[in-house]
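Asker: Below is a structure I'd like to ask you about.
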Amino acid sequence: ACLVGSEMCIRDSPAADVERMEFQLALRRRGISNQAVLRAMDEIPREYFVAPGSIEHAYADQALPIACGQTISQPFVVAYMTEQLEIGPAHRVLEIGTGSGYQAAILSRLARDVVSIERYRTLAEAARERIKTLGYPNITVRVGDGIAGAPDLAPFDRIMVTAAAQEVPQALSAQLGEGGKMVVPVGPRDKIQYVVRLTKQAGGDLTRENLIAVRFVPLLPGQAREL
């Protein structure tokens with residue numbers, strides 16, 4: 001079955017079923033245990049969110065290139081960062097860096113609403129159409145400056161950043177509600193970065209936990225002038 005208006009096709013075959021099963025087992029072996037996260041990873045067809053030339057690698061545990069010089073994160077990192085957010089069904093989630101829309105789709109299976117911000121109009125429009133076609137009505141994709149967040153819709157219960165910041169973006173932490181959590185890769189470009197989890201305490205203080213080492217594209221300010 002092919003996605004309308006796209007070159008991407010789901011492979012309906014016994015081999016594809018085995019591939020999806022191995023995908024789930026690999027996540028479990030690497031420590032993903034939250035059943036809601038595992039179910040979301042199983043429900044979202046990752047092959048729809050990769051570039052046409054990467055479909056055969058859609059379920060491999062590796063990052064893959066997409067348009068505008070960006071990437072779709074490896075499945076383990078998507079699952080891990082999602083699990084660390086501890087999302088509940090009543091939560092409103094802000095995602096920074098829509099990319100192809102895959103992470104937003106995963107979040108949409110766990111949260112009440114997802115607002116996703118993308119600086120590249122090309123990526124945002126393609127993700128919006130893909131999300132509409134696949135039927136995830138609780139996702140809103142905006143074109144804009146991710147570092148600025150969405151102050152008009154704040155506060156958020158959870159914030160996910162899918163690009164590496166040099167330091168924790170203060171505008172985003174300000175948009176967390178009390179008790180809210182943010183997961184963000186932090187570190188210099190081309191060096192070791194760490195997934196950081198921040199939790200907002202009563203009074204506005206943030207507690208910080210450094211989690212796993214990762215490698216993400218950099219979080220850039222502003223909306224892209226082209227693409």
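Asker: Could you list all residues from segment 83-104 that are part of a helix (DSSP H, G or I) and aliphatic (A, V, I, L, M)?
Answerer: LEU85, ALA104, listed by residue number.
Asker: Looking only at segment 35-59, filter to residues that are among the aliphatic types (A, V, I, L, M) and in contact with a strand residue (DSSP E or B) (Cβ under 8 Å, 6 or more places away or on another chain); which one of those is nearest to GLY101 (Cα to Cα)?
Answerer: Going through the qualifying residues, I end up with VAL50.
Asker: Could you say whether any residue in segment 123-139 is open to solvent by 20 Å² or more (accessible area, probe 1.4 Å), hydroxyl-bearing (Ser, Thr, Tyr) and more than 21 Å from LEU64 (Cβ to Cβ)?
Answerer: No, that holds for no residue.
Asker: Pull out all pairs, ordered by first then second residue, where Cβ-Cβ is under 6 Å, the residues are six or more apart or on different chains, the first lies in segment 16-32 and is more than 22 Å from LEU211 (Cα to Cα), and the second is at pLDDT below 95 and not in a helix (DSSP H, G or I).
Answerer: Cβ pairs passing all conditions: GLU19/TYR59; PHE23/TYR59.
Asker: In segment 108-127, is there at least one residue being of a type in the set (Asp, Glu) and touching a Pro at 6+ places or on another chain (Cβ under 8 Å)?
Answerer: No, segment 108-127 contains no residue that is of a type in the set (Asp, Glu) and touching a Pro at 6+ places or on another chain (Cβ under 8 Å).
Asker: Considering only segment 166-185, I want to know if a residue exists there that is at positive phi and outside any strand (DSSP E or B).
Answerer: Applying the first criterion (at positive phi) to segment 166-185 yields 179.
Right, trim to outside any strand (DSSP E or B) and you get none.
No - not one qualifying residue is present in segment 166-185.
Asker: Are any of the residues in segment 114-122 within 21 Å of ALA171 (Cβ to Cβ), open to solvent by less than 20 Å² (accessible area, probe 1.4 Å), among the small types (Gly, Ala, Ser) and not in a strand (DSSP E or B)?
Answerer: no
Asker: Under the condition of being out of contact with any Pro (no Cβ under 9 Å at 6 or more places or on another chain) and not in a helix (DSSP H, G or I), which residue from segment 10-31 is modelled with the lowest pLDDT?
Answerer: Looking at the filtered set, the residue picked out is ARG11.
Asker: Any idea which of (1) within 20 Å of GLY101 (Cβ to Cβ); (2) outside any loop (DSSP other than H, G, I, E, B); (3) out of contact with any helix residue (DSSP H, G or I) (no Cβ under 9 Å at 6 or more places or on another chain); (4) not β-branched (Val, Ile, Thr) is the one MET160 doesn't satisfy?
Answerer: It is condition (3) that MET160 fails.
Asker: Within the bounds of segment 68-82, is there any residue that is crowded, with 19+ Cβ neighbours inside 10 Å, without any contact (Cβ under 8 Å) to a residue 60 or more places away in the chain, touching a strand residue (DSSP E or B) at 6+ places or on another chain (Cβ under 9 Å) and in a loop (DSSP other than H, G, I, E, B)?
Answerer: No; the residues of segment 68-82 include none that is crowded, with 19+ Cβ neighbours inside 10 Å, without any contact (Cβ under 8 Å) to a residue 60 or more places away in the chain, touching a strand residue (DSSP E or B) at 6+ places or on another chain (Cβ under 9 Å) and in a loop (DSSP other than H, G, I, E, B).
Asker: Among the residues of segment 16-41, count how many are within 15 Å of the chain's Cα centre (by Cα) and open to solvent by 50 Å² or more (accessible area, probe 1.4 Å). Quick ask: steps written out before the conclusion?
Answerer: Residues of segment 16-41 that are within 15 Å of the chain's Cα centre (by Cα), as a first pass: 37-38, 40-41.
In the following step, the residues that additionally are open to solvent by 50 Å² or more (accessible area, probe 1.4 Å) were identified as none.
Of the residues in segment 16-41, 0 are within 15 Å of the chain's Cα centre (by Cα) and open to solvent by 50 Å² or more (accessible area, probe 1.4 Å).
Asker: When both residues are 6+ apart or on different chains and their Cβ atoms are under 9 Å apart, which pairs have a first residue that lies in segment 153-170 and is over 16 Å from ILE106 (Cβ atoms), and a second that is open to solvent by 20 Å² or more (accessible area, probe 1.4 Å) and part of a helix (DSSP H, G or I)?
Answerer: Matching pairs, first to second residue: ALA165/ILE147; PRO169/ILE147; PRO169/ALA148.
Asker: While we're looking at this one, here's another question. Answer yes or no as to whether LEU94 is under 21 Å from PRO221 (Cβ atoms), within 12 Å of the chain's Cα centre (by Cα) and at pLDDT 95 or above. Walk me through it before giving the result.
Answerer: Values: under 21 Å from PRO221 (Cβ atoms): yes; within 12 Å of the chain's Cα centre (by Cα): yes; at pLDDT 95 or above: yes.
It is true that LEU94 is under 21 Å from PRO221 (Cβ atoms), within 12 Å of the chain's Cα centre (by Cα) and at pLDDT 95 or above.
Asker: Being small (Gly, Ala, Ser) and out of contact with any Leu (no Cβ under 9 Å at 6 or more places or on another chain) narrows it down to one residue among GLY180, GLY203; which is it?
Answerer: Only one candidate passes the filter, namely GLY203.
The values are calculated or read from the model by the stated rules, or taken from the named source; none is laboratory data. Computed from a prediction, not measured in an experiment: that's the story for all the values here. We place every Cβ from the backbone using ideal geometry, glycine too, and count neighbours over all the protein chains shown. What goes into the accessible areas is simple: the full protein's heavy atoms, side chains included, and nothing from ligands, DNA or RNA. Shrake-Rupley method; radii C 1.70, N 1.55, O 1.52, S 1.80 Å.
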